[in-house]
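Before any comments, here is the structure.
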Amino acid sequence: AEGGMFVADELGQLATKFGYRYDLIDRATAADVRAVVDRGHPALVGFDVNYDGNPTSVAGKRAHWGVVVGHFQYEGEEYFIAQHGWEAKTYLWSAKDLEASMGQIQPTLGPKIVEVLPRTH
């Protein structure tokens, strides 16, 4: 009723309405997110969001989608570069924090990510 999208496959199907293709990756990890970005595609990730716009773990009570567009290593830790719909802001998320947040949303199904592929012609 408020415009929320909570099913990964339906989010991918929405991308097809705009001419894109998608792959759904079940039981996704930080390594899967990194692989999608390394292929040059955005990774749509489901996670719980805190009030600052960062990943948290509250059993899906603040489920949200983010778009990971890059990653880097700093002092031995991996970080993801991401955005989401709250504001035109770039977030830097610890890969560990994002993976933990993704993993606890649907523990029986495992976390999912949507890989948005180039437009079909």
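The values are calculated or read from the model by the stated rules, or taken from the named source; none is laboratory data. Model, not experiment: these values are computed from the prediction. Positions of Cβ are generated from backbone atoms using ideal geometry, with glycine treated the same way; all protein chains shown enter the neighbour counts. Surface areas here come from the heavy atoms of the whole protein model, side chains and all, with no ligands, DNA or RNA. Shrake-Rupley method; radii C 1.70, N 1.55, O 1.52, S 1.80 Å.
Here Ile25 meets each of (1) open to solvent by 30 Å² or more (accessible area, probe 1.4 Å); (2) among the hydrophobic types (A, V, I, L, M, F, W, C); (3) over 17 Å from Val7 (Cβ atoms) with one exception, condition (3). Pairing residues of the range 109-121 that are among the basic types (Lys, Arg) and assigned to a strand (DSSP E or B) with residues that are crowded, with 22+ Cβ neighbours inside 10 Å and at pLDDT 75 or above, at Cβ distances under 8 Å and at least 6 apart in sequence or on separate chains, gives Lys112/Ala8; Lys112/Ala28; Lys112/Gly46. Taken over the range 28-70, residues that are part of a loop (DSSP other than H, G, I, E, B) and either open to solvent by 40 Å² or more (accessible area, probe 1.4 Å) or without any contact (Cβ under 8 Å) to a residue 60 or more places away in the chain (or both) amount to 15. Of all the criteria given as (1) within 13 Å of the chain's Cα centre (by Cα); (2) surrounded by fewer than 19 Cβ atoms within 10 Å (Cβ to Cβ), the one not satisfied by Val116 is (2).
Being of a type in the set (Asp, Glu), over 20 Å from Glu10 (Cβ atoms) and at pLDDT below 95 is a property that holds for Glu87.
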